[in-house]
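Participant: Quick one: structure below, then a few questions.
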Amino acid sequence: MQRLVVIPTYNEVGGIEILLTEILKTIKNLDILVVDGGSNDGTSQAVAQIVNLEPRVNLISEGAKRGLGKAYLAGFAWGLERGYEKIIEMDADLSHRVLDLSSLLEAKADLVIGSRWIVGGGIENWSKSRELLSRIANKYVQFMLKLDVSDATSGFREYRADLLRKIDLKRIKSEGYTFQIEMVRAARKVGAEIVEVPIIFREREFGKSKISRGIIFEALLRVSYWGLKRIGGGGGI
């Protein structure tokens, strides 16, 4: 089975080589696509050196920072064009453990979400305020959208290619955490089977967080709009 992990990057030179090396050593029958959004710290160049030595690693250099959602959509399109059957999302900053990547690959569903907020899942080295924000955000998503998912903002997940083909990806417009929520919403709309597997999410070791007030505001605004639309429509997603 052809499997691809898509890893967006923006100024992640500190950890990207470590992550790629660990994946290559640990997971067999898995190709890697790094989508770099115009990093200016040497990230793209570091990945390009690995590409020259390792045929399983591929690189898209976008030349400019277009956002997380567009990076993943570019990765999905690249993978679907080449016939991959499973496409995985994974962060570049070592927050997602390669150990947990194995759990995603073993699960059987149209969409497998690596969840921090189910039994067996958890976080490491987070501040109480960040944990509270994430928990409240996911509770709000569940209340407004009724997606029956505990960690809708998780960016560690696996899609079957058949599911991605059913979703109208051209209509996915969100960025940041909201992209992940919108993709779960879109998957539910087409009747996807969704399962969650526990993961441990670690605080990043290198670089700076890309979370901003704009990303948080986008999530609040869009989830509220979708939720009110669902309620006003008398049901549905």
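Every number here is computed from the coordinates shown, using simple stated rules; none is lab data. Keep in mind it's a predicted model, so treat the numbers as computed, not measured. Glycine also receives a Cβ, built like all others from the backbone with ideal geometry; neighbour counts cover every protein chain displayed.
Participant: Subtract the Cα-Cα distance of Asn125 and Gln45 from 0.36 nm times their separation in residues, and report this length gain in nm to one decimal.
Facilitator: Computed gain between Asn125 and Gln45 is 25.8 nm.
Participant: Take peptides 176-182, 67-73 and line them up by average Cβ neighbours within 10 Å, highest first, as a rough protection proxy.
Facilitator: 176-182, 67-73
Participant: Let me understand the chain better: what is its radius of gyration from the alpha carbons, and its Dmax, in angstrom?
Facilitator: Gyration radius and largest Cα-Cα distance of the chain: 17.0, 56 Å.
Participant: Between Ile87, Ile118, Ile23, where does the largest GNM mean-square fluctuation fall for the chain, given springs only between Cα atoms within less than 10 Å?
Facilitator: In the Gaussian network model the winner is Ile118.
Participant: Follow-up question, since we're still on this one. Over all alpha-carbon pairs in the stretch 118-194, figure out the percentage whose distance exceeds 20 Å.
Facilitator: In whole percent, the share of Cα-Cα pairs in the stretch 118-194 beyond 20 Å is 35.
Participant: Which order do the peptides 195-203, 105-113 take when ranked by the mean count of other beta-carbon atoms within 10 Å per residue, highest first?
Facilitator: 195-203, 105-113
Participant: With springs only between Cα atoms under 10 Å, which of Asn52, Asn138, Asn40 fluctuates most in a Gaussian network model of the chain?
Facilitator: Asn52
Participant: Just need the Rg to Rh number for the stretch 96-237, please, alpha carbons only, Kirkwood Rh.
Facilitator: My calculation of the ratio gives 0.95.
Participant: While we're here: For the chain, take the longest principal axis of its alpha carbons; what is the angle in degrees between that and the long axis of helix 213-232, to the nearest 10 within 0 to 90?
Facilitator: The answer is roughly 40 degrees.
Participant: Could you list, in their original order, any pairs among Lys108/Lys189; Lys28/Lys189; Lys146/Lys170; Lys170/Lys229; Lys86/Lys189 whose Cα atoms are separated by more than 29 Å?
Facilitator: Long pairs (Cα-Cα over 29 Å): Lys28/Lys189.
Participant: Direction-averaged shadow area of the convex hull around the Cα atoms of the stretch 1-137, nm²?
Facilitator: 9.1 nm²
Participant: Here's something else I'd like to know. Using alpha carbons only, how many degrees (0 to 90, rounded to 10) separate the axis of helix 176-189 from the longest principal axis of the chain?
Facilitator: 60 degrees
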